[in-house]
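Reviewing the structure listed below.
The values are calculated or read from the model by the stated rules, or taken from the named source; none is laboratory data. Here the structure is a predicted model, which is why all the values come from computation and not from measurement. Reconstructed Cβ throughout: ideal geometry from the backbone, glycine too, with neighbour counts over all protein chains shown. Only protein heavy atoms, including side chains, enter the accessible area calculation; ligands, DNA and RNA are left aside. Shrake-Rupley method; radii C 1.70, N 1.55, O 1.52, S 1.80 Å.
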Amino acid sequence: MLVGDVGRSALFLLIFVVPCSLILGIGSVWRKSLRLGTAARWSVVVQFALIAVASACLIDLLVTLNFRYVYVADYTSRGLELLYRIAAFWGGDAGSLLLWVLVLSLYLLVASRIRHVHSEQMIPAVIAVMSFILLFFVLVLNFVANPFVVSAVAPANGNGLNALLQNPGMTVHPVNLYLGYVGFTVPFAYGMAALFLKKTDAVWLTVTRKWTLISWLFLSCGILYGARWSYEELGWGGYWAWDPIENAALMPWIAATAFLHSAIIQERRGQLKKWNIVLVSLTYLLTIFGTALTRGGLLWSIHAFANGPVGTVFMSFVGVMFVLTVAMIAWRFPSLTPDVRFEAAVSRETGFMMNNLLFIGALFAVFWGTLFPIISEAVTGSQMLVSGPFYDSVVLPIGVALVLLMGVGPLLAWRRSQLGRLGAMLVWPLIAAIGIGVFTYALGYHNLLSLVSYMAAGFTVVATFMEFIRAAVARKRVTNDPPLRSIYRLVANNRRRYGGYVVHMAVVIMVLGFASTGAYAKQITANMAPGQSVSVGDYLLTFLGLRTVDRPGKEELQGEMLVQTLHPFATLGVLLPSVDFFISGDQPTTNMGLYSLPLDDLYVVLDGSDFKTGQSLFEIHLNPLVGFIWFGGYLYVAGTFLSLWPERRKGRTRALARRGREAALVDLADLEYDFRMGKIDEASYQQTRSLLAGAAADRDPSISGRSRLEQELAARLAVAPVKGES
Amino acid sequence: MANLRARRGTRCWSGTLGLLLLLMMTTWVLQPVPAHADTLSQAVYISAIEIVAIPSKDGNTAEIVETVALHNGTGRPTAFAVTVPQGATDPGFIAAQSKGWFYGKGAFVNERVPSGNSTLVVSMQAALGGQSADLTFTEPVNVQALFLIVPQGGLFVSAQGGFLTSSDTFVTGDVTYRRFTKFDLQAGVPWSMSLTLLPTAGGRQTPLPRHQPILNAYSSHSVDLEATGNLLLAVAILVVGMISIRRSGVGDGSMGREGRERRARLLARREVVMREWTEFERSHVSLLSPAADAVAYQTSREQYIERALAIDHELQALDPGGE
């Protein structure tokens, strides 16, 4: 009993420790006290230690199968593999909440220990915001879903983990999703802290950029692992069904992607301040909303494994956070004025704006489609489900437009693009797109959306590739380095830009996979007796018969299917789609037989068998280019890694100091890049250069120290005297 | 004074520690005390039930033979009833070591079960209409062990909560049987299980072509490898991300403890100067409390600026990366 007691006590103590952090954080901000700030930092360490102890205790109970604890009895059983005993940690409401709290406290610990000169004053406020959020979870864990509840009588065996959850996806999908979901709390907390402290310049964005990137990467990986799990486990031949639970993860991803792009504008140009704070808040609120959908059973879903009171509590929390966030933004709205206005209708800034509009359009469509059953039930009394065709008709065209924009965006110059030069740079990508369109049409691929997708993909690949080549050539011209060294230095010195381009290429590859499987997948259903054959595409499949195999805790019924190719005729081997019958009495599950090649997947499902006739029903799918989605996923991770890779210490200051003179110098560097890439002509370059050089000189610290002090004084005089200031 | 403060601090910490211990003890005390499971206290109990189920050739029914091993520890003949599982039909008596069993109201009853060990063997059927049949056991006394034996690949047994031990197989003649074991069936508590007909029981099989590779992309080995790889990838993202965030920090990371403390002191001094200056400016512009004349105002103002600039320069020297 000792381990469980320690875990429960640790959770209980958090009820007192977390409010302490909250109060210390607020006190430090209010009194501008460094000592209180230090105390708040240490209280965060205590929080993390307690949560880590509780988590370790729960894992111990799960691994040792201590069925006295209701949670252990509900999600494990004798015979369950060690990996899944550990995975049962997040198999139910209480455990997954504890995982959420563990990740949140870890992030809070890291955020509170890493100090930036410009953002140090924000950290107590960040601790306060995150502790407030943590307090909600701690209360839920203690009073609504406690994983350390003891049953009166210990059962001899547990119920076991749901059979569908006994998949390797269970080990990575939820963990990645949670690491992503929870990660967005940090930029949100910084955003709120920046609002509260009226520090609405780009510092909070620069400090949290990597937090956002990490969270976004985890969320992306979580979604991709989920798609793959669904593809392997559910046996319907697809990876995405626009299910509410899938959409719940997609919505914060869309908002976060828009935020990642719009943050660049504020960092570079001091624009879109209001928009960024709204987007980061929206992203955070959507993560909580998504969890409420997943856990609450508000909507029917094939993925919903929990249906308890947690969803209602979460939904209430979404409401509270929404009201608080809106109030905070409204309070500080006047301080969110942009530093400069847009200078031209066609520029890199407007390209990013367009990107954001498209993302928000897609987000609204997914949000509306997901909530429509609830809305329709409230209005008409019956739930009307929104199915795949709605999303396909709205979201997919937006997706194609975004792919096109990925090609055009990098060709746009900051401040003002010259249409003539832009047009000249678009010629070859357009020729490539038209060529691909004609070629694929001639090959017999006539589906309009997929055809446009292929063309957009070709356009973007060529545009990005040419942009890269131009940069490498320009660099070589300046430095006279050998070509390979020139390319290496180019990428190494601009990891953020080229990491982004690699991610764009990964998305293009994935779009090819989505477009091909959506339009050209083949599916047949065949009732076959042993010895009968059926052909799909270039494959001939012959049913050989059934056999059973003993597995721990289950019996596997396998259908043996001989696979041969018709042109040329050759035998490839045997596929073994199967059905698992579980001793625990869980519903039988299907395991597809999958033969995966770079260009297509042969996917066979054993749907059922007739004892009397000896016939078995098979569902056979031929899915083209599915492998592109998974390969694109790994490339996506690689690109984000490139952007994320730690900077050398000597280069740190450049990454952060984006204000004043440094910002003017960064603007000059951008201008230089655009000029050398041929995006602007010499006259425009010289004119803007003289302006920026003047600004940089004006902001020289040796000159401007006095004026900056006077500006700070003016700002202090503008606000009413605060308590304790006199 | 310092001693008093130190004593207060110690008292505060010991008080906090005491409160934490009290809270931990409270949680221990408040936890529910679980009741002990019922033990085998009856004078007559069932030491084992063995059920052998074989599917009929047409697959419509499962033929079931139930063997019940009894123990009467009273030292004298005692009345006893063995219930037939719900879901079974046509129960028929086959053999018994003690005579006098008769069937009625869903149970085999004997008014004089002899002292010591005895057995009862009963045959029955379960309909496999939808390819599976559910049987529910509710015995009036504890059953130490329940064994379910089915032909391998013919029938499959599943039960809510599974079984205490993993199943085992044995061969009799040319048939392989699979045995499932359930320990400690509690008196009066219903326990259900399902018999599922497996299609291989009646299916014809073509021999698997020899030397043909298995094409399944996801063998258990590759799945484990991929899961491990993906977990490692998540860890790598976390580690690289945290290093990246740490590297993006400016100042304190490389400044050292002394530098941090010095900077904190400078920032505090700067804050004081700025507050004083702000107050001074407020009092100057206020009509209610006019400050000094214009020359004195300019002099004081310059002094504030000089003090703040000096601190800024010190901060700049301490951390050249910062603004």
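Summary table
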read-out	value
Any hit, the stretch A:124-133, residues being assigned to a loop (DSSP other than H, G, I, E, B), more than 11 Å from chain B (Cβ to nearest Cβ) and touching a residue at least 24 places away in the same chain (Cβ under 8 Å)	no
Count of residues meeting criterion [more than 8 Å from every other protein chain (Cβ to nearest Cβ), buried (at least 18 other Cβ atoms within 10 Å of the Cβ) and within 30 Å of B:A159 (Cβ to Cβ)] in the stretch A:535-580	7
Residue, nearest to A:R416 (Cα to Cα), within the stretch A:673-688, restricted to residues that are among the acidic types (D, E) and touching a Phe, Trp or Tyr at 6+ places or on another chain (Cβ under 8 Å)	A:D674
Members of the stretch A:615-640 found to be modelled with pLDDT under 90 and open to solvent by less than 50 Å² (accessible area, probe 1.4 Å), listed by number	A:S616
All positions within the stretch A:23-50 that are farther than 19 Å from A:L195 by Cβ, open to solvent by 90 Å² or more (accessible area, probe 1.4 Å) and of a type in the set (F, W, Y)	A:W42
Hey, A:Q532 touching a Ser or Thr at 6+ places or on another chain (Cβ under 6 Å) and more than 8 Å from every other protein chain (Cβ to nearest Cβ) or not	no
Residue list for the stretch B:98-136, restricted to those being free of Cβ contacts under 8 Å to residues at least 60 places away in the same chain, assigned to a strand (DSSP E or B) and not small (G, A, S)	B:F102, B:Y103, B:F108, B:V109, B:N110, B:E111, B:R112, B:T119, B:L120, B:V121, B:V122, B:T136
Residues (part of a loop (DSSP other than H, G, I, E, B), surrounded by fewer than 22 Cβ atoms within 10 Å (Cβ to Cβ) and not small (G, A, S)) located in the stretch A:224-255	A:L234, A:W236, A:W240, A:W242, A:D243
Qualifying residue in the stretch A:421-442 (condition: over 22 Å from A:D243 (Cβ atoms), open to solvent by 30 Å² or more (accessible area, probe 1.4 Å), outside the structural domain of A:Y673 (by TED's automatic domain parsing) and among the polar types (S, T, N, Q))	no
Subset tally (residues that are among the hydrophobic types (A, V, I, L, M, F, W, C) and surrounded by fewer than 18 Cβ atoms within 10 Å (Cβ to Cβ)) for the stretch A:515-527	2
Residue within the stretch A:204-216 that is within 13 Å of chain B (Cβ to nearest Cβ) and over 20 Å from A:I127 (Cα atoms) present	yes
Filtered residues of the stretch A:485-514 (kept if farther than 20 Å from A:T440 by Cα, open to solvent by less than 20 Å² (accessible area, probe 1.4 Å) and over 17 Å from the mean Cα position of the chain (by Cα))	A:S486, A:L490, A:Y498
Lone unmet requirement of (1) at pLDDT 70 or above; (2) open to solvent by 20 Å² or more (accessible area, probe 1.4 Å) for A:A693	(1)
Filter result for A:V140 (part of a helix (DSSP H, G or I), more than 9 Å from chain B (Cβ to nearest Cβ) and of a type in the set (V, I, T))	yes
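For (1) surrounded by fewer than 22 Cβ atoms within 10 Å (Cβ to Cβ); (2) in contact with a Phe, Trp or Tyr (Cβ under 8 Å, 6 or more places away or on another chain); (3) under 22 Å from B:V235 (Cβ atoms); (4) away from chain B (no Cβ under 12 Å), each residue gets a yes or a no:
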| position | (1), (2), (3), (4) |
| --- | --- |
| A:L109 | yes, yes, yes, no |
| A:R113 | yes, no, yes, no |
| A:F136 | yes, yes, no, yes |
| A:G158 | no, yes, no, no |
| A:H173 | no, yes, yes, no |
| A:T185 | no, yes, yes, yes |
| A:F188 | no, yes, no, yes |
| A:A194 | no, yes, no, yes |
